[in-house]
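Below is one structure, written out as structure tokens; comments come after it.
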Amino acid sequence: MSTYSASDPPTLADLTKVLANLTPEELGQFMKTVKMDGNEKLPEGVAPSEIRETTVDPTRLDYADQQMIATSMPPLYEPDGKLSTKMPKDGVSECYISGYMKRKIASTPGIGARIPQCKEKVYEVAASYGKGLGMFATRDLKMGDFILAERPLLIVPSKQVTARQGAIPTGLTMQQIKKTLMQDTEVVYKCLVDRMEPPQHAAFMALANCHLTDGSGPLAGRVRTNGFQAEGLVDHEPGSDYSVVCNDLSRMNHSHFVFSCSPNTTRYWQTESFSMHLYAIRNIRKGEEITTHYTHILSPASDRQKDLEPYGFTCNCPSCRNPTASDPVRIRCGATLTAAEEAGDWHADYTLLAAPDVRVKPLLATLADHVREGVECSDGYGHTLWLLAKAYAAKQERVLGRACLEKFFAWWEAARGEVLDRRRVTRMVYLAEVGDMMQELRELVQRPDAMDIRGELSRCFKNWDYNVSLFFSETFKEAPNPGLYVEGLGPVGLPLVVRDAEAITDIARAGDGSLIGRDLDAVDMPKKGPLEIKDAKVKTENPDWQDFLSRVTKAACTKLKANATEQPPLCKLDKLVLYETGSQLSPHIEAARTDGTFARLVIILPSRYTGGAVRIGNSFAQKSSNASAFRVSVVAWYTNLPVAVEPISSGFQLALVYNLVHPAGSSPPSLANVIAPIIRLQKILRAWAKNSDAATPRQIVWGLEMKYSEEELRKGSKALKGVDASKLAVLAREATSRGFHFGLATAVMTVEGHATVTEDEWDSWNDYSYRDEGKYAEFVGTAKERKAWVENFVDLNGNPVSENFTFDKAKDTLPLDFTRVMEWSDPVEREFERDGGEYDGWLCERYTLPVLIMWPHHSNFTIRFEESKNLDQICKAIARISNNVPTAEDTKLVELALNSDQAQSHPMQVATAVCRVALLWNDLSLWQRAVRECSPAKNEGLAILESRDYWSPARTVTAVPKLVIDAVSLFGFDNVQESLDLMMKDDVRNTARFQFLDVFEAWAAAQTDDVSSRVLPWVGTSRKFVMDNLYTPSSPDEELFVSMAVEHGGLTYLTNDVLPRIPKDASGDFLRDLAVKAFDEPQFSEHMAAKTSQLSVVMEQAIERANVNTYAGLNAYYFNLAPGQPKPAVPNLRTAREYLQACLKRFDHLIPRIFQRVLDVQDMQESNVHQQVLKVVVPLLDDVIEGFMMRPKMLTELDLHVFMEAAVESALKAAVAKGAKVENGDLQALAKVVALPGGLQTFATLVMPQLRQRSLPAAALHVLVDELQCHSSLRVFHSADMSLLDQSICEIIEISNRPSSQKSYPQPPLSQWTFTH
């Protein structure tokens, strides 16, 4: 045994590398020569290794590449892109990895994805005879079936590990070095196991340990026994890989001797979900043990046993027990694999097509060798399937070729860990001949080469024949009866009746006429196919039928582009086909039985049935009709195309099937000539759908040929016509099934630059507006700025996608000269702005063009949501989410909604959408975040989770929002309470907050004690919080406060407890309504006088805040008044009247205060003051008269003389100023004051002196007399007042009859008049 001298002491890292570089045979020999019992102590002078830091910050990534750390993986990212300290929902794996590996894992695209799960568990762990525990299938499994994906318990380097620092003592033997390394490894593993959660810790310790006598510790022994290599975890140094230890997966590996050199499963590591996946690599029967391998299975048995020696067991599988028979077969299988590897890109190997008949037999023999030895997991098995499919294609054995191809896909999914969409693959398989499918297959399993998508599409559609079709379909309302005759039945009447249908069924079954496919496990044939009777037993006796058949054949050949003019094809009857209820035909390509057949023609005869739609490729050629009993439907297609008939829902479908045969001597029409452009288009679409790099256009903006208005484009695809409709039909048929999307929009391009106008043209302008339009301006030079975007972007159904959408006019447009195409047309708008010179300026031209927009699915999210930022569309997309686990796109949608600028203006829309999916995903943090983001916006609070029906501030809360109930039920009240507190604080609706607490209390009282015991105390505390933190009140808060006062003792509670808590910025209108509501409340026991006394303070504050004297309130805005409809009052008057009505019979003594507030006009100009008196004070005095009509004595108690004088002076001043043009309104204002207490004295003192001076014309005086006589009939006058009024009227009559030259007193200048207020 070698030792190291003191002169050259090795470090432990050096010794680890020495052991790591040993071959398996050398390491096995070393393990045998160094016997250890596992209880030896460390060599003298070697201190135990230890890990000082057992807790690592999960968000830290700045470690050195070589630094080994104990950490939990995978990482979890917050919505803002930062690493989180939270644990993923699927748990974590305890890892001992390098700093480089941690960064590599954290930067893996899609890291943290949820682990895929089977809908039902397909295995069980049970005792295996002589092997301990094993995994057994609980149902039959097919090749490619997913069995299990599991996150490991532990991930460690495949080599021995140590946390020791520096060099080890000198003079150690190899045995002592090995002991040191094993104990160091045990220290590292113990650190990791101690970090595990209790369930994971128990699961790890329950694993088997096959290394009890080789010196391995109990933990290292379990790792060595149960570890799998994770191929996807490779460190920065070559050969530095990692082993993973799982729970259930360990039950099927070599640790329990459930090992086989003929495994029935394959496994692979997926970093995105951080899990090991297990697939069936061949069919597994129910109850069969699930096995795996740990060596190179194509090696001879002796080599495989040597590979297993370091792991401490010997394989006892059938192949290892009988190597004489097994080894030659495995060597042949290995030769196939070697040939495949030497061929390089064996997906594109077409050499076998030269002699397919010679190649099929050896390929079948090779395939049988793989199956016999159970080595389907070898790449040679998949290579053989691939070549066999191509060989069958060359032989025109389409069914067998298709079966091999689909079996290859199942193998690919299991062996390569790439889950393919089988339905999509099947659609591609049925699209064309198997020979054509090989190229499609290559593009599917390999990344296609870079393709100029825009250029290829341009060339593809350059000479596209939009009339070309792969099938012909037409329905004839008038067609002759064929005179159908069936041997053994006789004439068959049409429409088909049940009796004849049953007879045809018996004849077909007697002649074994059921359509049955070959029994291949890769092809699913229908359980109930159609019945057929060969042509020998069928004939048509009506001579007119042949003429109809000739016309139909000619029409079909024209549609299929088959030349039928010079040499018409023959139409030969092949069979009669009957579909019963439940019958169907799976997609298939039926081989022609007649040489020269290039197409099939099917004539569906009149019969009553539903269902049975005919599908050619991906398109429906004929659909069910309610008039099927009275019409003849004809369908024709090329024989190379797959055809399918959907199940018959009811009744019977009867059809005559004909072969279209080209005459001898010339080649028949070829599908390749017709389908070549379509195949080319399909190839472009496949490449575009798979590539999402920067060189690939995000979308194509395709200029339309016809002209459409914006209103027409908003209708969607219905608006298209002519070649545009044909182009969309072609694209939609081929692209929609591949995930492409379409939309219509108006492309807008502006062209700007320096421009000038010639002097002659400038002089010809007669109007300055012409200069603005730029009618005669022309660009100078070639320096122009071009900007392009689309507007009014809608999908094909007319639903909005985006208002504005940008695109790259050089990369995203068709035709290739898109910019010039737009500029060829006349601009829709020209604007010219002079830049200071007489002729020079800046010209802007605006062009528009209707466009078709097409984009692949990988751009859909960006275009529909990220680019448009249409909050309504985003929230609708979130509302459509129904999956319980969020996808990456779901998460991005939610982030867009929460981060949108519009979210602050539409918080209810965002909160209801996001909170719903948070409940769906059981994501408490998302629910809390939605409330946190949306509640403060617009001070919505609780409203963000309410129904849209309650959008006004006055809306009431009649029930607990469902989103709140569901959150409390799912997350628990304690987890929701913080969000409820936030919404209660943010909601500015006082009434709504109390109503929510009331309904929440009622709901909680009906729940379990666990819920009610938490909710009810919170309700009480929240009531006190809301009462102490009232917001500015608004309607209907007055009802809330009065009802609270009624509940808590009466009016005193309102004035002493509620009013002091009302914010001082409460509006006068609210205080007015509160005073009125409280005064009129019948449940208050206080006397009316007491109410008036206590509430007068509230009403007086309301009057002080009333908006009755503003400049804006002097103007009334009215539109579309009906004839005879009076003009509305100005706002100042409307508000003053509301306060007057509130005070009448309640607070009469405050009416003068209203007038005082109205005349508080210090900031108004004199003219506006005059308007305030005429438009507000005078009408308000009239309202006072009317209001006290039944209470004249109460009116006398009001001191209104100041306001009457103001009204009289203003009205008199306006009347005198107008002279002969005085208006009746001014005279009415003079007369109104006489009806008020003291008004007659005011009239006599202020008005009569002016009248005696003949300040008014006689006609105006006569009108004034009439107005005074009208008011003399009011009941508010005393007898003395009536006498004074009569004297005044008589004097005015006398003055009016006096000549205008006779004046008793000189008239003072109008400018010297002043208001007494």
Check your understanding: Between a first residue in region 167-180 that is at pLDDT below 75 and a second residue that is part of a helix (DSSP H, G or I), which pairs have beta carbons less than 7 Å apart while being 6 or more apart in sequence or on different chains?
Key -> Ile168/Leu12; Ile168/Thr180
Practice item. Give the residue, chosen from Leu352, Leu367, that is at pLDDT 70 or above and open to solvent by less than 60 Å² (accessible area, probe 1.4 Å). Key: Leu367
Exercise for review: Examine region 1022-1029 for a residue that is within 20 Å of Lys1064 (Cα to Cα), loosely packed, with under 14 Cβ neighbours inside 10 Å and free of Cβ contacts under 8 Å to residues at least 12 places away in the same chain, and state whether such a residue exists.
Suggested key: yes
Revision key, fill the gap. Pairs returned, first residue in region 848-861 that is of a type in the set (Gly, Ala, Ser), second residue that is surrounded by fewer than 22 Cβ atoms within 10 Å (Cβ to Cβ) and in a strand (DSSP E or B), beta-carbon separation under 9 angstrom, 6 or more apart or interchain, are Ser859/His741
Practice item. Confirm whether Glu940 is surrounded by 15 or more Cβ atoms within 10 Å (Cβ to Cβ), closer than 29 Å to Ser1043 by Cα, of a type in the set (Asp, Glu) and touching a Pro at 6+ places or on another chain (Cβ under 9 Å). Key: yes
Study note, to complete from the structure: Per the list (1) open to solvent by 20 Å² or more (accessible area, probe 1.4 Å); (2) in a helix (DSSP H, G or I); (3) of a type outside the set (Lys, Arg); (4) at pLDDT below 80, residue check on His296 breaks on (2)
Exercise for review: Could you list, in sequence order, all residues of region 589-645 that are more than 23 Å from Arg551 (Cα to Cα) and β-branched (Val, Ile, Thr)?
Suggested key: Ile589, Thr610, Val643, Val645
Point to revise | All positions within region 633-660 that are assigned to a strand (DSSP E or B), open to solvent by 10 Å² or more (accessible area, probe 1.4 Å) and farther than 30 Å from Ile679 by Cβ | key: Ser649, Ser650, Gly651
Review point. Conditions: (1) within 30 Å of Pro1082 (Cα to Cα); (2) open to solvent by 60 Å² or more (accessible area, probe 1.4 Å). Pro1017 meets all but one. Number of the miss?
Key: (1)
Check your understanding: Is it true that some residue in region 936-958 is assigned to a helix (DSSP H, G or I), touching a residue at least 24 places away in the same chain (Cβ under 8 Å), farther than 18 Å from Ala911 by Cβ and out of contact with any Lys or Arg (no Cβ under 9 Å at 6 or more places or on another chain)?
Key -> no
Review point. Is there a residue being touching a residue at least 12 places away in the same chain (Cβ under 8 Å), open to solvent by less than 20 Å² (accessible area, probe 1.4 Å) and of a type in the set (S, T, N, Q) anywhere in region 1165-1176?
Key: yes
**Study point:** Long-range neighbours under 6 Å by Cβ, at least six apart or interchain, first residue under 13 Å from Glu237 (Cβ atoms) within region 93-104, second assigned to a strand (DSSP E or B)
**Key:** Ser98/Met68
Check your understanding: Within region 226-238, restricting attention to residues that are without any contact (Cβ under 8 Å) to a residue 60 or more places away in the chain and either in contact with an Asp or Glu (Cβ under 6 Å, 6 or more places away or on another chain) or not in a strand (DSSP E or B) (or both), which residue is most open to solvent (accessible area, probe 1.4 Å)?
Key -> Pro238
**Study point:** Restricting region 197-213 to residues that are open to solvent by less than 30 Å² (accessible area, probe 1.4 Å) and more than 22 Å from Ile69 (Cβ to Cβ), the residue that is nearest to the chain's Cα centre (by Cα)
**Key:** Ala203
Review point. Before we move on, is Ser84 out of contact with any strand residue (DSSP E or B) (no Cβ under 8 Å at 6 or more places or on another chain) and over 25 Å from Asn316 (Cα atoms)?
Key: no
Check your understanding: In this structure, is Ala918 surrounded by 16 or more Cβ atoms within 10 Å (Cβ to Cβ) and either at pLDDT below 85 or part of a helix (DSSP H, G or I) (or both)?
Key -> yes
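Only residues that are without any contact (Cβ under 8 Å) to a residue 60 or more places away in the chain and out of contact with any Gly (no Cβ under 7 Å at 6 or more places or on another chain): list them for region 493-509, please.
Answer for region 493-509, where residues must be without any contact (Cβ under 8 Å) to a residue 60 or more places away in the chain and out of contact with any Gly (no Cβ under 7 Å at 6 or more places or on another chain): Gly493, Val497, Arg499, Glu502, Ala503, Asp506, Arg509.
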Review point. How about region 81-197: which strands (runs of 3 or more DSSP E) wholly inside it have at least 3 residues that are of a type in the set (A, V, I, L, M), touching a Leu at 6+ places or on another chain (Cβ under 9 Å) and under 19 Å from Glu289 (Cβ atoms)?
Key: 123-128
Review point. In this structure, is His1262 surrounded by fewer than 21 Cβ atoms within 10 Å (Cβ to Cβ), over 22 Å from Leu1180 (Cα atoms) and at pLDDT 75 or above?
Key: yes
Review point. Based on what the data block shows, is Ser1093 surrounded by fewer than 19 Cβ atoms within 10 Å (Cβ to Cβ), without any contact (Cβ under 8 Å) to a residue 24 or more places away in the chain and within 23 Å of Arg1137 (Cα to Cα)?
Key: yes
Review point. In region 861-884, which residue that is surrounded by fewer than 14 Cβ atoms within 10 Å (Cβ to Cβ) and within 24 Å of Ile111 (Cβ to Cβ) is farthest from the chain's Cα centre (by Cα)?
Key: Asn884
Practice item. Enumerate the helices (runs of 4 or more DSSP H) found wholly within region 973-1072, keeping only those where 1 or more residues are within 35 Å of the chain's Cα centre (by Cα) and under 30 Å from Lys1091 (Cβ atoms). Key: 990-1005
**Study point:** Test: residue in region 1149-1169 that is at pLDDT below 80, assigned to a helix (DSSP H, G or I) and closer than 24 Å to Lys1091 by Cβ
**Key:** no
Point to revise | Lone unmet requirement of (1) in contact with a helix residue (DSSP H, G or I) (Cβ under 6 Å, 6 or more places away or on another chain); (2) open to solvent by 10 Å² or more (accessible area, probe 1.4 Å); (3) part of a helix (DSSP H, G or I) for Ala1075 | key: (2)
**Study point:** Qualifying residues in region 469-490 (those that are without any contact (Cβ under 8 Å) to a residue 24 or more places away in the chain and open to solvent by 30 Å² or more (accessible area, probe 1.4 Å)) - the one farthest from Ala555 (Cα to Cα)
**Key:** Leu489
Review point. Do you know which residues across region 400-409 are over 15 Å from Leu367 (Cα atoms) and hydrophobic (A, V, I, L, M, F, W, C)?
Key: Phe409
Practice item. Would you check if Glu895 is acidic (Asp, Glu) and either assigned to a strand (DSSP E or B) or open to solvent by less than 10 Å² (accessible area, probe 1.4 Å) (or both)? Key: no
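The values are calculated or read from the model by the stated rules, or taken from the named source; none is laboratory data. Every value quoted in this text rests on a predicted model; they were computed, and no experiment measured them. As a convention, Cβ positions derive from the backbone with ideal geometry for all residues, glycine included, and neighbour counts pool all protein chains shown. Side chains included, ligands, DNA and RNA excluded: accessible areas come from the protein's heavy atoms. Shrake-Rupley method; radii C 1.70, N 1.55, O 1.52, S 1.80 Å.
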